[in-house]
1. Under the Karplus relation 6.51 cos²θ - 1.76 cosθ + 1.60, θ = phi - 60°, what is the ordered set of whole-Hz ³J(HN,Hα) values for the range 294-310, x standing for Gly and Pro?
2. Near Thr307, within a Cβ-to-Cβ distance under 12 Å, what is the net charge of the other residues, with Lys and Arg +1 and Asp and Glu -1?
3. Translational diffusion coefficient of the range 211-310 at 37 °C, 0.692 mPa s, Stokes-Einstein with Kirkwood Rh over Cα pairs, in µm²/s as a whole number.
4. What does the charge count around Pro242 come to, taking other residues whose C-beta lies under 12 Å from its C-beta (Lys +1, Arg +1, Asp -1, Glu -1)?
5. With the convex hull built on the Cα atoms of the range 228-282, state its orientation-averaged projected area in nm².
6. Using the Karplus equation 6.51 cos²θ - 1.76 cosθ + 1.60 (θ = phi - 60°), what ³J(HN,Hα) coupling, rounded to whole Hz, does each residue of the range 116-132 give in order, writing x for Gly and Pro?
7. Using only the Cα atoms of the range 140-236, build the gyration tensor, take square roots of its eigenvalues as a ≥ b ≥ c, and label the shape rounded, prolate or oblate: rounded if a/c is under 1.5, else prolate if a/b is larger than b/c, else oblate.
8. Okay, which of the range 172-199 sit inside 16 Å, backbone N to the point 7 Å along the Cα-Cβ direction of Tyr273?
Amino acid sequence: MNRRATVLNELGLAPLWVRREQLAAWQEAANSATAAEAAPAERAAPHQTTPAVSASEPAFTPLAQAAHHKIEAQLEHAPSTITKAPSQGAAAIHQVLQARKPGHTQTSNPVPPQLETQLDERASAIAQMNWAELQQAIRDCTACKLCQTRTNTVFGVGNPQAKLVVVGEAPGAEEDAQGEPFVGKAGQLLDNMLASIGQRRGDGVFIANVLKCRPPGNRNPQADEVAQCAPFLHRQLELIAPKVLFASGRFAISNLLQDDAPISALRGKVHQYRQLPVVVSYHPAYLLRNMPDKAKAWRDLLLLKTTLEK
Ligand code: URA
């Protein structure tokens, strides 16, 4: 690679995943005096290096301007039903979640029954909601501490009758600011990945997260936050009833499959969530930092495509 292209790379100005012939064209352009104008407008994450593209690797195109359609409220003024549940300590809720895992054996520290009951009641109330009620309940939710630091709740985006639902972890800073999932760099890569299998945000795809509010500083979600928030996702999935789920990243995968195995052990086969086929893969934010794994992600996308076409 010439010096100019190397510098662009170091600045994080390389394209994301590109067609082989496109990459060659850009590299040729980078050799000329007009290289800067010839480079694509979309930018990769800092520290990303240009992927080495081989014949067996994906035909990812440069990022198209994704159509970010907003969900339109289906009904006006839905009643605000169960939006407030008493916030519970993370440790106690962690204990409840552990106790619910398959194969869990009773410890000397039993789960407080009233806490179990509260969580069950909340989940059952959410499980009765229609789409508009769910939108409102999420907008008004104060069930965990994340409500104190969020700017916007992030319900999800796309077609409520989508064939494909992508599930991520939680909003980041840009998603919190805009109220839409996956709008930052990871989101651009996700759009790019979806485009490579003929899917597009806002068309036949719905994109959601396990958590609807941003954990401050992008820290990992905590057990109490997941316990209060996950019923929203489960109801969304029930109402959308898609053909296939695409679980993106360890957190979404373990939440949907109730399996904490590493992604490397889970990817490559179709799993089940409540009768729905689930394809798992690496989170786009991880792929931005670990480009060598993009070839595996490409195989996951092909599996997703064939599962959708069945
Ligand atoms: N990462 C996620 O998992 N979800 C988002 O919405 C943004 C980044």
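1. 5, 5, 5, 4, 4, 5, 5, 5, 5, 5, 4, 4, 5, 5, 5, 7, 5
2. +3
3. The Stokes-Einstein estimate is 228 µm²/s.
4. +2
5. That works out to 3.6 nm².
6. 4, 5, 4, 5, 5, 5, 5, 4, 5, 5, 5, 5, 8, 6, 8, 4, 5
7. Verdict is prolate for the range 140-236.
8. The answer is 181-182, whose backbone nitrogens lie closer than 16 Å to the label point.
Quick note: the coordinates plus some simple rules give every number you see, no bench work behind them. Being a predicted model, the structure only gives us computed values, none of them experimental. With ideal geometry, Cβ positions are generated from the backbone for all residues, glycine too; neighbour counts draw on all protein chains shown.
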